[in-house]
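Okay, so here's the structure we're looking at.
The values are calculated or read from the model by the stated rules, or taken from the named source; none is laboratory data. Since the model is a prediction, treat every value here as computed from it, not as a measurement. Heads up, the Cβs are rebuilt from the backbone with ideal geometry, glycines too, and the neighbour counts pull from every protein chain shown.
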Amino acid sequence: MHKSAPPWMRENINATTAVATTLTSEAYQNARESETSTTAEVITLRMSAAPATPSSNTYNRTRPPKVILSPSLLLLFLLLAWRSGVNVGVTATHISGEFHTATFFQFLNKFGFQKADPPPLRDTYGYIYGNITSQDAFVAPVTLVVLDKATFVNFYSNRTYRSHEHACARMFSKLQHIAYDADCNRQGKRDFLRRVPCPQGQLCVDEDAPANVITGHQFTYVINLEAQPRFWYVALAACYLNRSTCQWHAYENFPRRNGSSRRLSARLHYDIHLVNGHPNNSAVHPLTFQYSYDQQNLLEMYLIFLLVYIVLLPMQIYAVRLQKHPVTKLFTLSLLSEFVSLALITAHLIHFAANGVGEPNMQAAGDVLDILSRTTFMLILLLLAKGWAVTRQQISRTGWIILMSIWVPYCAFHIFLYIWDRTEVDIVSDIDEYQTWPGWIVLILRTSFMMWFLYELRNTMKYEHSSKKLDFLLHLGASSLVWFIYLPIVAIVALQVSPMWRYKLLQGITNSADCLAYCVMTGLLWPNRSGQYLLLAGTKYAGMDELDEFNEAPHIVRERERRRNSPPDDISISTSVSGSGRGMVLSTSIPHSLNGDACNDLLEADDLDVELLTDLNKNSHIVA
């Protein structure tokens with residue numbers, strides 16, 4: 001599985017801070033009392049005092065050996081990832097940018113707020129605060145919407161009507177009965193809506209309790225979830241509420257409804273923070289403050305794995321310098337790619353914990369390196385299963401063509417899945433990358449690679465007689481089978497896990513399995529051990545592997561062992577009588593049908609020759 005950020009956390013990060021501005025035509029009345037809902041979750045205004053630092057984000061990570069992918073192709077993959085980090089959906093919870101009324105609807109973010117501890121621990125509440133201003137004159141306000149999933153699904157699904165007027169009426173049809181409004185719904189229990197942009201240098205018109213707003217900002221939401229963690233959604237819609245009729249209308253239709261023919265187009269600037277914990281106490285929980293609940297503790301996990309690879313990579317570099325072998329070189333490239341991937345993602349997560357934005361380009365490059373590292377590791381397993389550098393030093397040209405024609409498309413499709421996950425997965429759906437059709441195809445391909453691996457391993461072991469090599473292949477097969485099969489199983493199990501924990505579960509198991517696989521492979525290829533089963537012949541022995549393989553074929557070895565352990569074919573004892581006495585003569589006859597190789601084998605069996613000659617010496621002087 002690739003390690004990419006959840007698709008919902010995308011927004012346009014423009015370096016635009018909210019500026020003070022002038023507000024528009026209608027005069028709005030600030031009259032509303034804060035009410036707490038009796039339900040398990042409450043969104044209210046709360047007192048705090050200092051601007052906070054930003055919030056939550058996500059992660060990802062690979063590269064193939066240059067024997068397989070050309071540098072230009074690798075560069076293309078990395079540039080694609082870099083571009084995707086900028087344009088395909090940046091993951092951040094300090095969001096800033098522009099909203100054009102002609103856009104009509106703009107989704108800003110999805111954020112998982114943690115369960116609040118019992119009062120008076122208000123520092124564990126979630127906060128949404130910021131500034132929304134404009135330099136243009138708005139004839140009517142547009143609406144900032146903050147909703148939980150139960151209410152957002154209906155709101156979001158109605159945005160696609162061709163008529164924006166009809167879309168506004170449908171989007172707010174349910175909200176207008178539950179959201180508080182000083183003019184149209186004073187019985188409402190929920191604080192979901194804000195009229196924006198806010199006046200220059202002032203609070204938003206719906207903020208009637210200035211002491212509750214974070215200092216230096218124009219609005220504040222407080223999320224108090226007493227039951228369980230939950231996702232909340234932030235969006236902007238070019239809709240306004242008519243205060244006299246209490247009906248919702250599209251902003252673009254305001255001139256027509258007021259007898260004017262000119263079209264309206266305006267834009268506003270937003271700068272919003274979403275955090276877990278009170279902004280004044282961000283230093284108390286620096287590793288979770290900026291992160292959505294479903295991504296909390298990811299930084300700690302990546303730091304632990306990075307420390308493991310900091311130890312593992314120098315060991316492997318030391319090993320490859322002692323034993324320069326194609327397998328160890330290829331494995332070192334894969335391990336190095338994984339280490340660089342982890343380093344990039346960890347740097348992104350550390351920076352994200354500080355500012356809520358991080359380095360999305362660095363994260364995307366790390367994700368692609370992670371994909372290429374794991375696919376390269378899969379290639380190493382297939383090559384070893386085919387006996388490359390174990391029972392043979394060369395693989396036929398046809399074998400390479402077949403292998404590359406399957407492996408290269410698999411790498412490309414895996415990267416396609418990464419881009420798909422970041423661009424095409426609906427922001428509202430709580431699904432991961434392996435619950436989409438590209439994800440299922442990747443899992444099926446991975447399972448197919450596993451079956452191919454087992455088939456090649458079986459063929460290699462079938463014609464191998466060396467006990468040390470067989471032992472290596474058995475260990476390789478057992479550990480590799482676990483590595484191949486864990487991801488499909490975990491992906492199926494993850495379907496039953498809550499979205500609040502699913503992403504962390506997948507990342508934790510995937511990183512753990514990859515780390516364990518690299519540790520096992522480092523041990524199997526360590527010079528003191530690998531010299532027993534890897535072909536270490538240099539270039540001057542090139543071309544000798546076929547002859548060696550023939551001489552070591554099982555049927556030749558078995559025949560050699562049989563002849564070593566069997567007596568000569570014909571041994572006869574005769575007696576003769578002479579004038580001086582009687583004696584015994586031992587004569588042996590060896591059939592001429594034995595070829596030169598067999599004779600050489602008998603001569604090479606020193607222990608058998610010595611034992612036979614000793615017996616002859618003992619019997620040659622026997623006199624009857």
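Annotations
- Considering the range 139-158, and only residues there that are closer than 16 Å to Ala179 by Cα and polar (S, T, N, Q), the residue that is surrounded by the fewest Cβ atoms within 10 Å (Cβ to Cβ) turns out to be Asn154.
- Scanning the range 143-152 for residues that are over 23 Å from Val275 (Cα atoms) and aromatic (Phe, Trp, Tyr) turns up nothing.
- Boolean, Ile485 is surrounded by fewer than 20 Cβ atoms within 10 Å (Cβ to Cβ), within 19 Å of the chain's Cα centre (by Cα) and not small (Gly, Ala, Ser): yes
- Condition broken by Trp407, with the remaining ones in (1) crowded, with 18+ Cβ neighbours inside 10 Å; (2) more than 21 Å from Leu369 (Cβ to Cβ); (3) modelled with pLDDT of 80 or more satisfied: (2)
Every residue, every condition in (1) buried (at least 19 other Cβ atoms within 10 Å of the Cβ); (2) more than 29 Å from Val205 (Cα to Cα); (3) among the hydrophobic types (A, V, I, L, M, F, W, C), yes or no:
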residue: Gln228; (1), (2), (3): no, yes, no
residue: Trp232; (1), (2), (3): yes, no, yes
residue: Ala250; (1), (2), (3): yes, no, yes
residue: Leu335; (1), (2), (3): yes, yes, yes
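- Residue identified as closer than 21 Å to Arg267 by Cα, surrounded by 22 or more Cβ atoms within 10 Å (Cβ to Cβ), within 39 Å of the chain's Cα centre (by Cα) and of a type in the set (A, V, I, L, M, F, W, C) among Ala167, Ala238: Ala238
- The residues in the range 115-134 that are modelled with pLDDT of 85 or more and either touching a His at 6+ places or on another chain (Cβ under 8 Å) or surrounded by 23 or more Cβ atoms within 10 Å (Cβ to Cβ) (or both) can be counted, and the count is 10.
- Yes/no for His249 being modelled with pLDDT of 90 or more, touching a Gly at 6+ places or on another chain (Cβ under 7 Å) and closer than 22 Å to Ser134 by Cβ: no
- Qualifying residue in the range 293-312 (condition: under 21 Å from Phe484 (Cα atoms), hydrophobic (A, V, I, L, M, F, W, C), out of contact with any Pro (no Cβ under 7 Å at 6 or more places or on another chain) and assigned by TED's automatic domain parsing to the domain that holds Leu505): yes
- Matching residues in the range 388-399 - criterion: being surrounded by fewer than 16 Cβ atoms within 10 Å (Cβ to Cβ) and not polar (S, T, N, Q): Ile395, Arg397, Gly399
- Matching entry among Leu203, Leu287 (being under 25 Å from Ser96 (Cα atoms), in contact with an Asp or Glu (Cβ under 7 Å, 6 or more places away or on another chain) and in a loop (DSSP other than H, G, I, E, B)): Leu287
- Count of the range 421-442 residues which are buried (at least 17 other Cβ atoms within 10 Å of the Cβ) and not in a loop (DSSP other than H, G, I, E, B): 7
- Residues that are hydrophobic (A, V, I, L, M, F, W, C) number at least 3 in the following helices (runs of 4 or more DSSP H) confined to the range 97-184: 149-157, 164-171.
- Residue tally, condition closer than 22 Å to Met521 by Cβ and of a type in the set (A, V, I, L, M, F, W, C), over the range 409-425: 1
- Tally of residues being farther than 14 Å from Leu241 by Cα and surrounded by 15 or more Cβ atoms within 10 Å (Cβ to Cβ) across the range 172-188: 1
- Scanning the range 509-548 for residues that are at pLDDT below 70 and surrounded by fewer than 16 Cβ atoms within 10 Å (Cβ to Cβ) yields a total of 13.
- Qualifying residue in the range 213-222 (condition: surrounded by 17 or more Cβ atoms within 10 Å (Cβ to Cβ), of a type in the set (Phe, Trp, Tyr), at pLDDT 90 or above and farther than 30 Å from Leu505 by Cβ): yes
- Top-ranked residue in the range 276-308 [being among the β-branched types (Val, Ile, Thr) and at pLDDT 90 or above; ranked as surrounded by the most Cβ atoms within 10 Å (Cβ to Cβ)]: Val308
- Among the residues listed as Leu506, Leu474, the single one being under 29 Å from Val327 (Cα atoms), of a type in the set (A, V, I, L, M, F, W, C) and either modelled with pLDDT of 90 or more or more than 17 Å from the chain's Cα centre (by Cα) (or both): Leu474
- Annotation: of all residues in the range 320-363 being assigned to a loop (DSSP other than H, G, I, E, B) and farther than 16 Å from Thr288 by Cα, the one that is modelled with the highest pLDDT is Glu359.
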